[in-house]
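What follows is one structure encoded as structure tokens, with my remarks underneath.
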Amino acid sequence: MNYLFQNAAVYRNGRLRREDFSLCGGVFHPGRACSSFDRIVFLNGYTVFPGFADVHVHFREPGFSYKETIHTGSLAAAHGGYTAVCAMPNLKPTPDSLENLEPELQAIRTGAVVRVLPYGTITAGEQGAVIADLEGLAPHVAAFSDDGHGVQRDEIMEEAMVRAKALGKLIVAHCEDNSLLRGGYIHDGAYAAAHGHRGICSESEWGQIARDLELVRRTGCGYHVCHISTRESVALIRRAKAEGLDVTCETAPHYLLMDDSMLQEEGRFKMNPPIRGREDREALLQGLRDGTVDMVATDHAPHTAEEKSRGLAGSLMGVVGLETAFPLLYTHLVLTGELSLERLVEVLCDAPRRRFALGPSLQADAPADFTVFDLNAAAAVDPDTFLSMGRSTPFAGWPVRAKCMMTVAEGRLAYCDASLAKELDL
């Protein structure tokens with residue numbers, strides 16, 4: 001079917017402008033491009049953005065589909081305005097060879113409603129001892145990561161960097177020094193001390209980043225740091241960029257919007273790395289503004305209600321985030337003046353697409369790839385409305401002023417709010 005969308009505010013080429021656009025056989029065109037239209041849809045009051053990209057999600061299939069599947073995870077992505085995501089490899093089997101990657105590729109082919117690109121592991125079984133089959137995996141994966149595990153041995157990480165560079169692939173590092181964890185499970189800060197919890201020190205993160213940056217100097221490998229959470233990490237990456245190293249990093253909404261004074265004795269506040277202190281949050285925000293922090297990823301990590309019901313000490317680590325990231329960041333950073341809308345679109349869309357070669361979005365004469373938001377819709381974060389199988393979020397009840405109305409990915413409708421679906425005759 002051919003559609004003409006009228007009266008929308010469209011964010012293209014770095015600015016918002018009022019314009020009409022067409023979908024002709026799933027291809028996006030500015031203006032009236034089709035000879036005839038099956039439907040004319042008025043988008044008065046709505047804003048059209050390029051499809052967001054998240055380079056750090058956990059869709060749990062194969063191996064843990066009782067928590068999430070490729071299908072439900074990609075539905076959640078579409079509900080949050082995402083049209084491309086990169087799925088982490090802590091699965092069963094772990095995708096450390098093309099044979100072990102194939103079940104995930106098959107699940108993507110049959111279940112994904114947005115573009116899903118898998119990661120391959122850095123080491124076999126994510127065990128840190130033997131390098132995975134990087135050469136066999138490279139044509140089929142977004143990059144290499146052992147997310148959930150820091151690579152402990154220097155020589156293994158250096159070898160992986162050398163081989164990844166030869167393949168033109170990034171090493172995407174979960175930085176965590178196991179020797180410094182000491183049984184911790186939340187930030188080693190004021191809340192842990194006041195409530196008798198074991199803390200995770202900041203050095204467990206930034207110490208391994210420092211190690212890896214030295215390896216990047218030796219190898220010249222493209223290197224991306226997952227979910228940074230500490231002010232020391234920001235400082236290290238800022239210096240590395242000034243030096244000219246091929247380094248990027250991400251953080252997540254919960255590190256930008258929360259600190260450990262906001263913790264509660266519930267599993268929905270437990271993730272790895274943990275929510276840190278106020279000074280860490282402030283450093284991350286400054287890094288986001290000045291370009292040190294390149295992008296925001298959700299680290300969407302669903303678990304069952306039972307797995308998240310055991311409090312801070314006993315719950316599994318991880319929270320969901322695909323369906324709340326843009327509404328939260330728009331409401332609590334853009335509308336408060338802490339971040340420009342242009343920078344928010346850059347870190348949610350343009351930067352991850354450039355770094356991970358995901359291709360542009362909202363491009364004329366290409367398969368349609370965009371999301372539509374009502375930026376005037378006031379609500380509270382309600383996990384019962386999530387399309388993800390996971391419901392655990394530290395942001396339950398937070399006010400937001402943005403609602404996803406529609407997402408089109410690769411020329412196909414991936415999500416549509418019921419009220420807009422009536423206009424589209426779906």
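Per-residue answers, yes or no, for (1) hydroxyl-bearing (Ser, Thr, Tyr); (2) within 18 Å of the chain's Cα centre (by Cα):
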site: Pro274; (1), (2): no, yes
site: Thr292; (1), (2): yes, yes
site: Gly311; (1), (2): no, no
site: Val319; (1), (2): no, yes
site: Leu329; (1), (2): no, yes
site: Asp365; (1), (2): no, no
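Just so you know, in the stretch 393-426 the residues that are over 16 Å from Gly80 (Cα atoms), without any contact (Cβ under 8 Å) to a residue 60 or more places away in the chain and touching a strand residue (DSSP E or B) at 6+ places or on another chain (Cβ under 7 Å) include one that is surrounded by the fewest Cβ atoms within 10 Å (Cβ to Cβ), and it is Gly397.
The residues on offer are Asp384, Asp417, and the sole one that is farther than 30 Å from Ile40 by Cβ and not assigned by TED's automatic domain parsing to the domain that holds Glu68 is Asp384. Val293 fulfils the conditions (1) within 24 Å of Lys169 (Cβ to Cβ); (2) surrounded by fewer than 22 Cβ atoms within 10 Å (Cβ to Cβ) except for a single criterion, (2).
Just one of the numbered conditions (1) closer than 17 Å to Tyr223 by Cβ; (2) touching a helix residue (DSSP H, G or I) at 6+ places or on another chain (Cβ under 9 Å); (3) surrounded by 17 or more Cβ atoms within 10 Å (Cβ to Cβ) is not true of Ala166; which one? Of the numbered conditions (1) closer than 17 Å to Tyr223 by Cβ; (2) touching a helix residue (DSSP H, G or I) at 6+ places or on another chain (Cβ under 9 Å); (3) surrounded by 17 or more Cβ atoms within 10 Å (Cβ to Cβ), the odd one out for Ala166 is (3).
Ala193 - would you say it is of a type in the set (A, V, I, L, M, F, W, C), in the same structural domain as Ser145 (by TED's automatic domain parsing), in a helix (DSSP H, G or I) and crowded, with 21+ Cβ neighbours inside 10 Å? For Ala193, the condition - of a type in the set (A, V, I, L, M, F, W, C), in the same structural domain as Ser145 (by TED's automatic domain parsing), in a helix (DSSP H, G or I) and crowded, with 21+ Cβ neighbours inside 10 Å - is not met.
Of the helices (runs of 4 or more DSSP H) lying entirely inside the stretch 307-426, those carrying at least 2 residues that are in contact with a Lys or Arg (Cβ under 9 Å, 6 or more places away or on another chain) are 311-314, 341-345, 418-424. For the stretch 241-255, a tally of residues being surrounded by fewer than 24 Cβ atoms within 10 Å (Cβ to Cβ) and either over 20 Å from the mean Cα position of the chain (by Cα) or part of a helix (DSSP H, G or I) (or both) returns 6. Against the test of being under 18 Å from Ser145 (Cβ atoms) and either modelled with pLDDT under 95 or small (Gly, Ala, Ser) (or both), the options Ala252, Ala190, Ala210 yield a single qualifying residue, Ala252. For the stretch 258-279, the set of residues classified as part of a loop (DSSP other than H, G, I, E, B) and closer than 20 Å to Arg310 by Cβ consists of Leu263, Gln264, Glu265, Glu266, Lys270, Met271, Asn272, Pro273, Pro274, Ile275, listed by residue number. Applying the criterion of at least 2 residues that are buried (at least 22 other Cβ atoms within 10 Å of the Cβ) to the strands (runs of 3 or more DSSP E) found wholly in the stretch 36-125 leaves 47-50, 52-57, 82-87, 115-118.
The values are calculated or read from the model by the stated rules, or taken from the named source; none is laboratory data. Note that the structure is a prediction, hence the values are computed from the model and not measured. Reconstructed Cβ throughout: ideal geometry from the backbone, glycine too, with neighbour counts over all protein chains shown.
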